[in-house]
Amino acid sequence: KLLDGKINRYNSAITCSCCDDLISPSTFEAHAGWASRRKPYLHIFAGGVSLHELSISLLKKQKISRSADSDGRCSICEQGGHLLCCDGCPRAFHLECVPLKSEPRCIWYCKYCCHNVYHNERREERNANAQDAVRVAEMAPLEQIAQRAPLTVNDTEAVEGGCPLCREDDFQLKGFGPRTVIICDQCNKEYHVGCLKDHKIADLKKLPKGDWFCGSECLQVRTVLHNLVIRGDVPISDSLLSLIKKKHKEKGLKTNYGLDVKWRIMNWKLLASEEIRALLSKAVSIFHEQFDPIVDADTDIDFIPSMIYGRSIKDQYFGGMYCAVLTVNKEVVSTGVFRMFGREVAELPLVATNAASQGKGYFQALFACIEGLLGELKIERLFLPAAHEAESLWTGKFGFMALDQDETNFYTSLYRVMMFNGAALLQKPVPRPAITEYVAEDPFEACANIWCAEE
């Protein structure tokens, strides 16, 4: 506690305990010496609950009706249509994006409201002002990698980059000039227009319309990924299918009905359709099943659907994110999001398998498909943030290595990889594919059919 006070019930001001002055909640944080935070309602607590969460709780008690007060677009996919409105907040959703098979006949609260209520109850039980940890029941060791856990985005200054040519982060906001910044649509690196000219990379007279790439490698990577997105479902290799059947046999599950296992990658910016929206919404549901929503405190926007649909949140740009899904008999069972920063680095910030499908080999199969694709594209390194409980599993089973703080700061200054508070940054060299199932004349088709050899 930095400062105490009492809330005045008549004007909502806070009577400071040190000076007896009446101070508004918005300035009480600054009065306590933390004006730089600029998030007073998240850091002022009453009875162990922040004012932000308290306002949400009060809003829930008012039982906002399913009326015009609700948003006109789905909070997951941001598309219109027939929407189900939450009774606790203004959000609205498609049934398939939640997902629900039918519209509830009683009062219904969305994932975000349930998340806030759950954590409020936990805080009250533990009488902790700002800390909360989620414990999960024991599960198969491999599935602990994607265990349910609270995640918050690391917004430290270490992730701030700059022009990779001059290492400066200044920019020209108005007009067009040498310090105007342009972002590569594949690697997401930010270049000064003047630096591009000085290094004889590009002599731009104005910002180009449409996608722009900083070099031929980024253009080639984007071309391959675009073709794979358009291609759609690809059957996994016989080797990975045998691995899945072996897992089924170990668990006593029958496989004589047949297993139609396929994988695909998607990017909403490159290809948008109702089929893609349905698959991406199922991916969001799996992540929400395994992780609590990662909500930005200032905008109340969830990072998970923003990453999957390639949207931007403040200075976080997710346009280069791709979503991979593994389907079994046309049902999505495992998913992951990845991004490539040129050919030097790729990241895999989130992976998850739904609860009913864990321990059946699907997680390993999807990871092998993603890693194999990165190998075909000649990506050098793969990064991922790992909770400390799962770090040994990534390092022991998948060959990752933990980076120390200096190495983490170095790489996050060069690449805008996603980092979560309390997570360690792991990396591994991407192995080149040992085997392809057949030699295709079209290199894009070859990339769509790669697979990784078993360990």
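The values are calculated or read from the model by the stated rules, or taken from the named source; none is laboratory data. Computed from a prediction, not measured in an experiment: that's the story for all the values here. As a convention, Cβ positions derive from the backbone with ideal geometry for all residues, glycine included, and neighbour counts pool all protein chains shown. These area figures cover heavy atoms from the full protein model, side chains too; ligands, DNA and RNA do not enter into them. Shrake-Rupley method; radii C 1.70, N 1.55, O 1.52, S 1.80 Å.
What does the charge add up to near residue 216, with Lys and Arg as +1, Asp and Glu as -1, over the other residues with Cβ less than 15 Å from its Cβ? Mind showing how you got there, number by number?
Values: positive: 189, 200, 222, 343, 378; negative: 185, 211, 217, 344.
With Lys, Arg at +1 and Asp, Glu at -1, the net is +1.
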>> Let me check I've understood the local charge: for residue 384, count other residues with C-beta under 14 angstrom from its C-beta, Lys and Arg +1, Asp and Glu -1. What total comes out?
In response: +1
>> Taking the solvent-accessible surface of protein heavy atoms with a 1.4 Å probe, what is the per residue accessible area of region 194-246 in Å²?
In response: 59 Å²
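Give the ranking of 376, 347, 103, 250 by solvent-accessible surface, highest area first, calculated with a 1.4 Å probe.
Numbers: 376 50, 347 5, 103 85, 250 125 Å².
Reading off the accessible areas and sorting them downward yields 250, 103, 376, 347.
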> With all protein chains present and a 1.4 Å probe, how do 199, 288, 226 order by accessible area, largest first?
Replying inline: 199, 226, 288
>> Tell me the accessible surface of residue 111 in square angstrom (1.4 angstrom probe, heavy atoms of protein chains only), to the nearest ten.
In response: 80 Å²
> For residue 41, what accessible area in Å² do you get when you roll a 1.4 Å probe over the heavy atoms of the protein chains, rounding to the nearest 10?
Replying inline: 110 Å²
> Among rounded, prolate and oblate, which fits region 303-384 when a ≥ b ≥ c are the square roots of the eigenvalues of its C-alpha gyration tensor, a/c under 1.5 means rounded, and a/b larger than b/c means prolate?
Replying inline: oblate
>> Need one value: the accessible area of residue 411 in square angstrom, 1.4 angstrom probe, rounded to the nearest 10.
In response: 40 Å²
>> Just to make sure I understand: if all protein chains stay in place, what is the order of 373, 100 by accessible area at 1.4 Å, largest first?
In response: 100, 373
